[in-house]
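Quick notes on the structure that follows.
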């Protein structure tokens with residue numbers, strides 16, 4: 001299912017897809033973890049960003065490595081900046097928005113192709 005951006009800053013069509021996301025950061029950047037890896041679930045996503053539900057609060061401005069665990073596909077590794085964080089009891093913690101970077105050390109091209117394919121199937 002897709003949603004329109006409404007009054008938000010995003011101008012792209014979003015997909016309401018729940019996928020498992022792993023966030024890699026130093027333990028100092030992610031409170032409550034010793035490993036530096038946090039698992040969460042996406043709430044919606046687009047070609048250039050995604051929103052996740054997190055138990056922990058991340059600092060806005062952090063640049064982190066994400067791994068999207070897609071069913072029946074190889075994981076997709078991305079680099080993203082935390083753009084906003086909002087407490088939300090309905091998700092059991094925080095809604096967090098990420099802006100994806102065009103990075104050579106990421107699978108951003110595969111991500112955009114996957115999102116385009118998903119949009120074409122709706």
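Bear in mind that the values in this text are calculations on the coordinates, not laboratory data. Note that the structure is a prediction, hence the values are computed from the model and not measured. Reconstructed Cβ throughout: ideal geometry from the backbone, glycine too, with neighbour counts over all protein chains shown.
List of remarks:
- Restricting attention to the stretch 53-112, the residues that are over 14 Å from residue 38 (Cβ atoms) and in a loop (DSSP other than H, G, I, E, B) total 15.
- Counted residues, the stretch 54-69 - those being under 13 Å from residue 17 (Cβ atoms) and either touching a helix residue (DSSP H, G or I) at 6+ places or on another chain (Cβ under 6 Å) or surrounded by fewer than 16 Cβ atoms within 10 Å (Cβ to Cβ) (or both): 1
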